[in-house]
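Notes to accompany the following structure.
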Amino acid sequence: MTETSETTETERSRPAPDHEVVIVGAGFAGIGAGIALKRAGVHDFVLLERADDIGGTWRDNTYPGLSVDIPSPTYSFAFEPRPTWSRLYAKGPEIKDYADHCVRKYGITPHVRLGSHVTAARYDEAADLWRVTLDGGTEVTGRYLLSCQGALTTPSFPEIDGLGDFTGHTIHTARWDHDHDLTGRRVAVIGTGATALQLIPEIADRVERLDVYQRTPIWVFPKFDPRLPRAVQELFRRVPVTQKATRWVTTGAVEIIVTGVVHHRRARPLVTAVERRCLRHLKRQVKDPEVRERLTPRYGFGCKRPSFSNDYWRTFNRGDVDLVTDGIDRITATGVRTADGREREIDTLVLATGFKVFDISFPIVGRDGVELTAHWKQHRRQSYEGASVPGFPSLFLVPGPYGNIGLSWFQMIDAQIRHATRVITEARRRGATRAEVRRQAHDRYMSWVGRRMPGTVFLNGDCASANSYYFDEHGDAPWQRPSSVVAARRRSREFPLDDYAFTGG
Ligand code: NAP
């Protein structure tokens, strides 16, 4: 058989996929992907969402005090400013409402399939498509697969002895139980990350006693969080450029922090200045020098996710709030026992212990039967431009290793979705059915990453005691792209399309 007749035979037997694009996850990344695809003229896509509603982390997280910790003009789509944010840092329900609004306004609703829990995805090499299996066995096929699962999806439960022995009420912050009233109860919170920092001041007034179990202190920057009065909202609505200008300012302010993180070697004085500002804030907020000492981070700013708050640290001035820094020995039937043998009795245990950030929640099997997570386990996390991986054709990760940029998830969404959309539309233009990143292009990106990482805070800073989820089991820090937001966005517009092999069709 000649090559031409072979190709014709293959084409004849190649089935059409159910959809051109399958998107997994209907959080902001999935929603943004849907909007971008429609704008690019790609209308045949489905958003598979395992829950019964859209909104991702803003659907799942409803704990008291939930708010965004990036200014809202920045933490939103640039093309869909919301003039009515009630304050600079919007509360959780407002952000969920914004997600609902975007889905409706941009016609994404008909593309969403709720209750569709993806359990596996396998690339069918003969047919040039992804076979996506749902819980229950249904299969959905797509020419392209966009993994928009988010990082704050799977709650992380701490490995502490006796967790199951506790006879009181246990709540993970990502699954808040609104039927359980904390009023007058003795409560323990395990964890002092960005979530606990919002929760603790909010519940301190309500509970009888609060024990906060801290393993690693968090860097906290003062939060400038004014209400946005009606007059300002009206100005934003009538003169949109004023809101645009506000976005530039808030984005610039946030990205200064990122500059210190990714250009740590050169911007060390900036990081030192930020640390000093935080320490002054701590001194003003906490009266007791001994407590202050225990709340002081011993690792460099930026090694792990810092946050903003004006009321977290000062909660520890209260007589009914105890900062516990002795390690937890075990959970008992009635409380928490620390390494010094002391047991503190409680009624409610709150786990503010975060998420399994690096987990992809289902196996993704590419060419030659290679599974992505296993591949990374063996070869360390790698990608091309934080978006694609050789051997996994027509798959885009939003984001993949070294793909997150800036501090606002929306900056990442914008760049990574543009990357995927450019490749998909180019494949269409060429009449190709497969787009796979070339090994050489991938290796070029990873060697650039390798040259840049030593200058970041992760390798250049003092991160040894940070216990940061930015580091994986290999000791690599594949969370953040080692470049500025501006450079990453430019790159998403300009990376050479020939870095992909377009075949089939
Ligand atoms: P996190 O940052 O991962 O914090 C988890 C906390 O639990 C840490 O303090 C951790 O201590 C502690 N912990 C975990 N296992 C423990 C154990 N076995 N014993 C004692 N302590 C334990 O999780 P998070 O606070 O939920 O925040 C997750 C991310 O969500 C943040 O980084 C942020 O990106 C995001 N977030 C964003 C917003 C927003 O407004 N945009 C709001 C809230 C959260 P170690 O530090 O020692 O590991």
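Residues of segment 184-207 that are on the phi > 0 side of the Ramachandran plot and either exposed (fewer than 15 other Cβ atoms within 10 Å of the Cβ) or at pLDDT below 95 (or both): G184 alone.
Of all residues in segment 85-128, those that are touching a Phe, Trp or Tyr at 6+ places or on another chain (Cβ under 8 Å), closer than 30 Å to P15 by Cα and open to solvent by less than 70 Å² (accessible area, probe 1.4 Å) total 7. Assigned to a loop (DSSP other than H, G, I, E, B) and open to solvent by less than 40 Å² (accessible area, probe 1.4 Å): is that true of G142 in this structure? No.
Listed by position, the strands (runs of 3 or more DSSP E) contained in segment 154-263 that have at least 1 residues being under 24 Å from R277 (Cβ atoms) are 209-213. When G150 is tested against (1) touching a strand residue (DSSP E or B) at 6+ places or on another chain (Cβ under 6 Å); (2) within 14 Å of the ligand (Cβ to nearest atom); (3) not in a helix (DSSP H, G or I), exactly one condition is not met: (1). With respect to T119, determine if the residue is more than 26 Å from S72 (Cα to Cα) and assigned by TED's automatic domain parsing to the domain that holds V423. Answer is yes for this residue.
Restricting attention to segment 214-238 and to residues that are closer than 21 Å to C303 by Cβ and open to solvent by less than 40 Å² (accessible area, probe 1.4 Å), the residue that is farthest from the ligand (Cβ to nearest atom) turns out to be P222. Checking each residue in segment 368-399 for being more than 26 Å from V485 (Cβ to Cβ) and assigned to a helix (DSSP H, G or I) picks out D368, G369, L372, T373, A374, H375, K377, Q378, H379.
The rows are residues; the columns are (1) within 16 Å of the ligand (Cβ to nearest atom); (2) within 17 Å of the chain's Cα centre (by Cα); (3) of a type in the set (G, A, S).
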residue: Q411; (1), (2), (3): yes, yes, no
residue: R418; (1), (2), (3): no, no, no
residue: G431; (1), (2), (3): no, no, yes
residue: A435; (1), (2), (3): no, no, yes
residue: A464; (1), (2), (3): yes, no, yes
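The single residue among D181, D211 that is open to solvent by 20 Å² or more (accessible area, probe 1.4 Å) and either away from the ligand (no atom under 11 Å from the Cβ) or not assigned by TED's automatic domain parsing to the domain that holds I331 (or both) turns out to be D181.
Only one of the listed residues (A352, A333, A267) is among the aliphatic types (A, V, I, L, M) and surrounded by fewer than 17 Cβ atoms within 10 Å (Cβ to Cβ). That residue is A333.
Checking segment 473-490 against the condition returns no match, with no residue being open to solvent by 20 Å² or more (accessible area, probe 1.4 Å), closer than 20 Å to H379 by Cα and part of a helix (DSSP H, G or I).
For I256, which of the numbered conditions (1) open to solvent by less than 80 Å² (accessible area, probe 1.4 Å); (2) more than 22 Å from T315 (Cα to Cα); (3) among the hydrophobic types (A, V, I, L, M, F, W, C); (4) touching a helix residue (DSSP H, G or I) at 6+ places or on another chain (Cβ under 9 Å) fails to hold? Among (1) open to solvent by less than 80 Å² (accessible area, probe 1.4 Å); (2) more than 22 Å from T315 (Cα to Cα); (3) among the hydrophobic types (A, V, I, L, M, F, W, C); (4) touching a helix residue (DSSP H, G or I) at 6+ places or on another chain (Cβ under 9 Å), I256 violates only (1).
Matching residues to (1) open to solvent by 20 Å² or more (accessible area, probe 1.4 Å); (2) farther than 30 Å from G403 by Cα; (3) modelled with pLDDT under 95; (4) not assigned by TED's automatic domain parsing to the domain that holds P201:
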{"site": "A339", "(1), (2), (3), (4)": "yes, yes, no, no"}
{"site": "I360", "(1), (2), (3), (4)": "yes, no, yes, yes"}
{"site": "R367", "(1), (2), (3), (4)": "yes, no, no, yes"}
{"site": "V370", "(1), (2), (3), (4)": "yes, no, no, yes"}
{"site": "R380", "(1), (2), (3), (4)": "yes, no, no, yes"}
{"site": "Y384", "(1), (2), (3), (4)": "no, no, no, yes"}
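With respect to the conditions (1) more than 19 Å from the chain's Cα centre (by Cα); (2) open to solvent by less than 20 Å² (accessible area, probe 1.4 Å); (3) within 16 Å of the ligand (Cβ to nearest atom), E159 falls short on a single one, namely (2).
Considering (1) assigned to a helix (DSSP H, G or I); (2) modelled with pLDDT under 95; (3) not polar (S, T, N, Q), the lone condition that R277 does not fulfil carries the number (2).
Being in the same structural domain as A174 (by TED's automatic domain parsing) and either over 30 Å from G327 (Cα atoms) or without any contact (Cβ under 8 Å) to a residue 12 or more places away in the chain (or both) holds for only one residue in A196, A188, A245, A204, and it is A245.
Residues in segment 239-251 that are open to solvent by less than 80 Å² (accessible area, probe 1.4 Å) and farther than 25 Å from W313 by Cβ: 7 in all. When the residues of segment 26-72 are filtered to those that are part of a helix (DSSP H, G or I) and within 12 Å of the ligand (Cβ to nearest atom), the one that is surrounded by the most Cβ atoms within 10 Å (Cβ to Cβ) is F28.
The values are calculated or read from the model by the stated rules, or taken from the named source; none is laboratory data. Bear in mind that the values here come from a model prediction, so they are computed numbers and not experimental data. Glycine also receives a Cβ, built like all others from the backbone with ideal geometry; neighbour counts cover every protein chain displayed. For the accessible areas, the whole protein counts, side chains as well, though only heavy atoms, and no ligand, DNA or RNA atoms are used. Shrake-Rupley method; radii C 1.70, N 1.55, O 1.52, S 1.80 Å.
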